[in-house]
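J.: Quick one: this structure, given as structure tokens, is what I'll be asking you about.
The values are calculated or read from the model by the stated rules, or taken from the named source; none is laboratory data. Note that the structure is predicted; figures quoted are calculated from it, not measured. Protein only, heavy atoms only, side chains kept; ligands, DNA and RNA dropped before computing areas. Shrake-Rupley method; radii C 1.70, N 1.55, O 1.52, S 1.80 Å.
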Amino acid sequence: MRRPRPTEESRARAARITQALADLLPDEPLPASPSEPGSAGRRAARGGDCPGCGEPLQATAARHGVEFDTCGTCGGIWLDAGELEALTSGLDPIPGTGAQNEADLRARVPAPAPREADIRYRECPRCREVMNRRNFGTISGVIVDECRHHGLFLDAGELEEVEAFLRAGGRAVGEAARARAAARSMPPAPPQLETPRSARHETAATSVVDVLWNLLFT
Ligand SMILES: [Zn+2]
Ligand SMILES: [Zn+2]
């Protein structure tokens, strides 16, 4: 397999991306990932090829002993399971100040332009399985590649798009949209919930008719 050594330029670029990630890190150390307990296991799992361009990912130290796998060639970022959530946990706006609905959200952050990469399936750098594509936060329009076992890949610029979406209040708007979609796709309310109410209506209707009938014709 071709194993090119990273150039100075790609190293510098990977370091810049890692710095941007480090700036998002909370002041407290990240909790250890439950799927990969112990830093030894974590480190051993580093590496692999960039899902975006195939060049080797570069593990660069951020802070609190956290390393990120970034690609200095295409600017992509690989985040292990849970890392994106940890990085973005502090970005939600103060309650009441974020977007109230999707139209409000779009007025604050325009939907990102689709990328050519969005239509290609890519391999997880850890297990080489083909990853799923997911619309981050249901409605962000940022299409991330995700391995449900190992983590996800962000193309160059997608981290900034995720950040803008969350700072505008996109998480809450997206969760509401997902709840509505789930409610629509649910089967109609089970009969045991419907029956008593309609039965009651029928009973009431019947008794009114009965009363009228009795009044008029008996
Ligand atoms: Zn790359
Ligand atoms: Zn994987």
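J.: Across segment 80-92, in residue order, what do the Karplus-derived ³J(HN,Hα) couplings come to in whole Hz, using 6.51 cos²θ - 1.76 cosθ + 1.60 with θ = phi - 60° and x for Gly and Pro?
T.: Once θ is set to phi - 60°, the couplings for segment 80-92 become 5, 3, x, 5, 5, 4, 5, 5, 9, 5, x, 8, 5 Hz.
J.: What is the percent carbon and sulfur in the accessible area of segment 8-182, measuring with a 1.4 Å probe over the protein chains and ignoring ligands?
T.: Using a 1.4 Å probe with all protein chains present, segment 8-182 comes out at 53 percent carbon and sulfur.
J.: At 1.4 Å probe size, with no ligands or nucleic acids counted, give the accessible surface of Ile143 in Å², nearest ten.
T.: About 40 Å², ignoring ligands and nucleic acids.
J.: If you don't mind, another one. For His149 and Arg180, calculate 0.36 nm times their separation in residues minus their Cα-Cα distance, and state this gained length in nm to one decimal.
T.: 8.4 nm
J.: Follow-up. For segment 47-146, what does the alpha-carbon gyration tensor say about shape, rounded, prolate or oblate, given a ≥ b ≥ c as the root eigenvalues, a/c under 1.5 as rounded, and a/b over b/c as prolate?
T.: Oblate, since a/c reaches 1.5 and b/c is not below a/b.
J.: What do you get for Rg/Rh of segment 147-191 when both radii come from the Cα atoms and Rh is the Kirkwood radius?
T.: 1.18
J.: Taking segment 8-182 as the region of interest, what is the percent of Cα-Cα pairs per 10 angstrom bin, listed from the shortest bin to the one with the maximum distance?
T.: 10, 36, 37, 15, 1
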